[in-house]
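Before any comments, here is the structure.
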Amino acid sequence: MPFVALVSLLLVGGVAGLLAFNTSMQQSSFTASALGEKAGVLSAEEQSLSMQLARLRDPQRLALRANAMGMVPPPSPAFIQLSDGRVLGKPAAAVAGTSLQVTPLQKKRPMYLRRHTVKVFVDPSSKSAADGAPSSDAPSVTGTKKPQAAVSATGGSTR
């Protein structure tokens, strides 16, 4: 009888320990999942702040703000050579009438982002009279991104 009680006690203790271990592992998993989600949100916020900082540091924006405050660029800058103290160039005072264009020109889209129209010409004699669909002997033509030439259903290319 004592042996059966000891084995039963060990069995119940093992099951209870396994249940406690499983519960703690699930709790750790939930905590790790929540921390991972928070890290993702913080990473997105960091990227957003970095982009905002880059916009604020933009030279064109700084030049426009300086111009709005009444600052003007010098017409002829001069440089001081530190080794011997010589002044290089002819310094001139900046006057309010002289200004440089500080707004950037509109940027064109890169070639790979521009839309190209592709024209497909189908020979009307290759259509079936019954359903208006191309006949099975006509080559299949699908749209393409290549802007070099339009392709006709007969296989020839046109410019």
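The values are calculated or read from the model by the stated rules, or taken from the named source; none is laboratory data. Because the structure is a prediction, the values reported are computed rather than measured. FYI the Cβ positions are ideal-geometry reconstructions off the backbone, even for glycines, and counts take in every protein chain you see.
Is it the case that some residue within region 70-85 is in contact (Cβ under 8 Å) with a residue 40 or more places away in the chain and either under 44 Å from the mean Cα position of the chain (by Cα) or surrounded by 10 or more Cβ atoms within 10 Å (Cβ to Cβ) (or both)? No, there is no match, as no residue in region 70-85 is in contact (Cβ under 8 Å) with a residue 40 or more places away in the chain and either under 44 Å from the mean Cα position of the chain (by Cα) or surrounded by 10 or more Cβ atoms within 10 Å (Cβ to Cβ) (or both). Restricting the search to region 110-129, which residues are exposed (fewer than 10 other Cβ atoms within 10 Å of the Cβ), over 39 Å from the mean Cα position of the chain (by Cα) and at pLDDT below 75? Within region 110-129, just A129 meets the criteria.
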